[in-house]
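Below you'll find the structure, written out as structure tokens, and then a few comments.
The values are calculated or read from the model by the stated rules, or taken from the named source; none is laboratory data. Since we're looking at a predicted model, the values are computed, not measured. Every residue, glycine among them, receives a Cβ derived from its backbone with ideal geometry; neighbour counts consider all protein chains shown.
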Amino acid sequence: MEKVLLTSLAFFTMVVGSAQTLEDLKAEKAAKKDSINAIQGRVDELQNQIDTFPGWKIGAFGTIGANISSFNNWYSQGVPNNSSGNIGVTVNGFANLDREKFFWKNSGNVNLQWVKLDNKDIETDSEDFEGTTDVFTLTSLYGYKLSENFAISALGEYRTSIINNFNDPGYLDLGVGATWTPIENLVVVMHPLNYNFVFTDTENIYESSAGAKIVADYTRKFGKLNVKSNFSTFQSYKSSNYSNFTWVNSLGYTIWKGIGLGFEFGLRGNHQESLANALAQEPLPIPEPTFENTDNDLQTYWLFGLNYAF
């Protein structure tokens, strides 16, 4: 009987000791989990400060599209012996600085395309790649913040071609007004005081004038998808014939290590350029083209191909 009592007492003591040890371990685990959560909270706070630090943010993505072909004795087509090709390159980049009291946003867009069609049965045609699409735009916007979403601002925007007819024409807009940022990644510029300088060697067509400048730019990254849409218009106070607009939309989807697919589509309306093109035709149409009898045709381009995101 005495042995049974001693055995029971020992077992009870062991169970009680184990229970106390288990409770101690649970308490220690809870304390460590609280410490880990506190550390993770501090890490998340530091990361948020890094992500929202008001410094320079730089990025770029571009698209390359290309195809080359050659035909020999392919009689079912009008040019049975030919070599042809199409090469296009587009790059969109930005460099933005955001401070508590001001911001400085800079962006650039380049779209170049070359086309070749060499008829091997004709010695007089060109064997070279000829420039077709030719877009070059630089924009710089400075704003002093009056509130979180509103600022007084100054804008400089330069547009031209660089393969052919560099700075002929070239457009430089300089103006002041206001900038509104209603949502993240969207910037709307409204400058009623703006002057549109036009540089050209062609007389009696292009003319500089004062007017209003409006720009809307949306740039964002959705996971692997880069999106950029930029609309820029100048409305001349002198004549609607001197007004113009350009709207460029770019998409880039990354598939593997920065490489993916890209698409860009652009629209432009410019009556001065339409008239200059009509006057460059040989022989000249009759009657001679003027602003009054020349349509302001919509200009368009698009490019699809491989994309690389920086």
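Tabulated data for the structure shown
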read-out	value
Verdict on GLY269 being assigned to a strand (DSSP E or B) and farther than 25 Å from VAL188 by Cβ	no
From the options ASN293, ASN241, ASN226, residue that is of a type outside the set (Lys, Arg), assigned by TED's automatic domain parsing to the domain that holds GLY93 and surrounded by fewer than 19 Cβ atoms within 10 Å (Cβ to Cβ)	ASN293
For LEU261: the one exception among (1) more than 27 Å from PHE197 (Cβ to Cβ); (2) in a strand (DSSP E or B); (3) without any contact (Cβ under 8 Å) to a residue 40 or more places away in the chain	(3)
Unmet criterion (only one of (1) crowded, with 18+ Cβ neighbours inside 10 Å; (2) in contact with a Ser or Thr (Cβ under 8 Å, 6 or more places away or on another chain); (3) of a type in the set (Val, Ile, Thr)) for THR160	(2)
Selection count where residues are closer than 23 Å to ALA278 by Cα and among the charged types (D, E, K, R), scope region 206-258	2
Listing of strands (runs of 3 or more DSSP E) fully contained in region 200-257 that carry 3 or more residues being modelled with pLDDT of 90 or more, in contact with a strand residue (DSSP E or B) (Cβ under 6 Å, 6 or more places away or on another chain) and closer than 14 Å to ASN270 by Cβ	225-236, 244-256
Identity of the residue in region 113-136, more than 14 Å from GLY85 (Cα to Cα) and among the hydrophobic types (A, V, I, L, M, F, W, C), that ends up surrounded by the fewest Cβ atoms within 10 Å (Cβ to Cβ)	ILE122
Test result for GLY131, without any contact (Cβ under 8 Å) to a residue 24 or more places away in the chain and within 23 Å of the chain's Cα centre (by Cα)	no
Enumeration of residues in region 181-199 that are part of a loop (DSSP other than H, G, I, E, B) and crowded, with 20+ Cβ neighbours inside 10 Å	none
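Residues are listed down the side, and each one gets a yes or a no for (1) closer than 28 Å to ASP217 by Cα; (2) modelled with pLDDT of 75 or more; (3) assigned by TED's automatic domain parsing to the domain that holds THR139; (4) basic (Lys, Arg):
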residue	(1), (2), (3), (4)
ILE68	no, no, yes, no
TYR75	no, no, yes, no
PRO80	no, no, yes, no
GLY85	no, yes, yes, no
VAL89	yes, yes, yes, no
LEU97	yes, yes, yes, no
TRP114	yes, yes, yes, no
ASN119	no, yes, yes, no
ILE122	no, yes, yes, no
